[in-house]
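Below is one structure; the comments refer to it alone.
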Amino acid sequence: MERNFDYAEQNFLAGRTFKDWLDLNEQAKRWSKEVANQKVKRSLGMSPEAVYLMEKPHLTPLPPYIPPVYQTFIEP
């Protein structure tokens, strides 16, 4: 089993109950923010949250709509 899935299954899903899909998603978002993204990752040397905070000033938002490539090229 892939390590990331195993981590979520053993640390998030194990022993939890959910009312519905919305509840599962809300609990998963909260767990990701409060637990998983705070944990120091060996490959990063820091937590994903710390990496994000370092990179955030350099990130630019994607355009709201990216047209399909075949529509962006117009032959003269």
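Considering only region 9-33, state which residues are touching a helix residue (DSSP H, G or I) at 6+ places or on another chain (Cβ under 7 Å) and either basic (Lys, Arg) or open to solvent by 100 Å² or more (accessible area, probe 1.4 Å) (or both).
The one that is touching a helix residue (DSSP H, G or I) at 6+ places or on another chain (Cβ under 7 Å) and either basic (Lys, Arg) or open to solvent by 100 Å² or more (accessible area, probe 1.4 Å) (or both): Arg16.
So, in region 34-51, of the ones that are in contact (Cβ under 8 Å) with a residue 12 or more places away in the chain and farther than 16 Å from Glu9 by Cα, which residue ends up most open to solvent (accessible area, probe 1.4 Å)?
Let us first name the residues in region 34-51 that are in contact (Cβ under 8 Å) with a residue 12 or more places away in the chain, namely 35-37, 48-49.
Still in the running and farther than 16 Å from Glu9 by Cα: 48-49.
Working: Pro48: 38, Glu49: 60 Å².
Checked region 34-51; the qualifying residue most open to solvent (accessible area, probe 1.4 Å) is Glu49.
The values are calculated or read from the model by the stated rules, or taken from the named source; none is laboratory data. Quick caveat, the model's predicted, so the values are computed rather than measured. Here the Cβ is made from the backbone with ideal geometry for all residues, glycine too, and neighbour counts use every protein chain on show. Note: areas computed on protein heavy atoms with side chains; ligands, DNA, RNA excluded. Shrake-Rupley method; radii C 1.70, N 1.55, O 1.52, S 1.80 Å.
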